[in-house]
Amino acid sequence: MPGTLYIVATPIGNLEDLTFRAARILAEVDVIACEDTRQTAKLLAHLSLHKPLVAIHEHNERERAAELAARLAAGKSIALVSDAGTPLISDPGYRLIHAATEAGIPVVPIPGPCAAIAALSASGLPTDAFYFGGFLPAKANQRRKQLEALKPLPATLIFYEAPHRILDTLEDICACYPECRITVARELTKVHEEFLRGTAAEVLTELAARPAIKGEFTLLIAKAAEPAADERPLEEAIAALEAQGVERMEAMKLVARLRGLSKREVYSALMKK
Ligand code: SAM
């Protein structure tokens, strides 16, 4: 019987984000295939585990995929991890999973951290439809072309970016999407985690003023249309909530919050009628 290939997500900064299941699978498998053995050795030391490690990265993936698929076919179980986050998401592993699925070897995902999804969930930008573009091209003209090509897509765009290119990329976003709201998520799950929100020009101004730009960045651009503003008169909006069984005071509070008003402003607007 063939062994199982597990795709194990690992933390993107905070070691507490490793799931119980991921820790168990890493302890149970025969071999761990990883990007950088030194990086994975640190994670295993944290878990007090000693396992054979096999490096698989973009330069040796073809040979390693065949070799690991043969071990799986012979009944060994293997966990694939990357340096951080979910393997295959802007990380190696595609050839290995492809080889395993072609050979009928069971492939089991062990879900967990992923910078793109963590950033999206806290971005404050629309999440109903999104496009993950990995890393944008390093060359400015190609980067702009790609950003332009994505204009018709009604989805929030998500990209990974290196610290030394973030300002250049933000300049291109200013040019392509001057009106759009963006979020830059830096150092997710780490001590210096932060979110910069605004237009690309606002975020660029804030970042460019810093003496140094460090850390890991995920950037998001909101393109989907905003939900239509509620333009009904206040009394009508409150009455609609009351009709659904919401207490009047609660309905007033809700409408105030939804419209960015204080309760006092809503109350005095109603009194004027
Ligand atoms: N597979 C990983 C995942 O699931 O998120 C991503 C690997 S990709 C090679 C690394 C890039 O992801 C970084 O250059 C950065 O753009 C983004 N990234 C990774 N960790 C991050 C973090 N803690 N905060 C913000 N972005 C992060």
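The values are calculated or read from the model by the stated rules, or taken from the named source; none is laboratory data. Computed from a predicted model, the values in this text were never measured in an experiment. Please note: Cβ atoms are built from the backbone with ideal geometry, for glycine as well, and neighbour counts cover all protein chains shown. Side chains included, ligands, DNA and RNA excluded: accessible areas come from the protein's heavy atoms. Shrake-Rupley method; radii C 1.70, N 1.55, O 1.52, S 1.80 Å.
When residues in segment 22-36 are screened for being surrounded by 14 or more Cβ atoms within 10 Å (Cβ to Cβ) and either assigned to a helix (DSSP H, G or I) or not assigned by TED's automatic domain parsing to the domain that holds ILE105 (or both), 4 of them pass. Please specify each residue of segment 171-194 satisfying the condition of being surrounded by 14 or more Cβ atoms within 10 Å (Cβ to Cβ) and either in contact with a Ser or Thr (Cβ under 6 Å, 6 or more places away or on another chain) or among the aliphatic types (A, V, I, L, M) (or both). Answer for segment 171-194, where residues must be surrounded by 14 or more Cβ atoms within 10 Å (Cβ to Cβ) and either in contact with a Ser or Thr (Cβ under 6 Å, 6 or more places away or on another chain) or among the aliphatic types (A, V, I, L, M) (or both): ILE173, ILE182, THR183, VAL184, ALA185, LEU188. Within segment 1-22, the set of residues being more than 12 Å from PRO111 (Cα to Cα), in contact with a Leu (Cβ under 8 Å, 6 or more places away or on another chain) and among the hydrophobic types (A, V, I, L, M, F, W, C) comprises LEU5, ILE12, LEU15.
Taking each residue of segment 112-137 that is closer than 14 Å to PHE217 by Cβ and looking for partners that are open to solvent by 20 Å² or more (accessible area, probe 1.4 Å) and part of a helix (DSSP H, G or I) with beta-carbon atoms closer than 7 Å, six or more apart or interchain, yields LEU136/GLN146. For segment 174-204, a residue qualifies if it is away from the ligand (no atom under 16 Å from the Cβ) and either touching a Gly at 6+ places or on another chain (Cβ under 9 Å) or among the aliphatic types (A, V, I, L, M) (or both), and the qualifying residues are ALA175, ARG181, ALA200, ALA201, LEU204. Would you confirm whether or not segment 142-155 contains a residue that is charged (D, E, K, R) and open to solvent by less than 60 Å² (accessible area, probe 1.4 Å)? Checked segment 142-155: at least one residue is charged (D, E, K, R) and open to solvent by less than 60 Å² (accessible area, probe 1.4 Å). Screening segment 41-135 for helices (runs of 4 or more DSSP H) wholly inside it with 2 or more residues that are buried (at least 16 other Cβ atoms within 10 Å of the Cβ), near the ligand (Cβ under 10 Å from one of its atoms) and not polar (S, T, N, Q) returns the ranges 115-123. For GLN244, the conditions (1) at pLDDT 85 or above; (2) farther than 13 Å from LEU125 by Cβ; (3) open to solvent by 80 Å² or more (accessible area, probe 1.4 Å); (4) out of contact with any Asp or Glu (no Cβ under 8 Å at 6 or more places or on another chain) all hold with the exception of (1). Is it the case, given these coordinates, that GLU226 is away from the ligand (no atom under 16 Å from the Cβ) and at pLDDT below 85? Judged against the criteria, GLU226 is a match. Per the listing GLU28, GLU58, GLU63, the residue uniquely out of contact with any His (no Cβ under 9 Å at 6 or more places or on another chain) and free of Cβ contacts under 8 Å to residues at least 24 places away in the same chain is GLU63.
Looking at ALA99, is it without any contact (Cβ under 8 Å) to a residue 40 or more places away in the chain and among the small types (Gly, Ala, Ser)? When the stated conditions are applied, ALA99 passes them.
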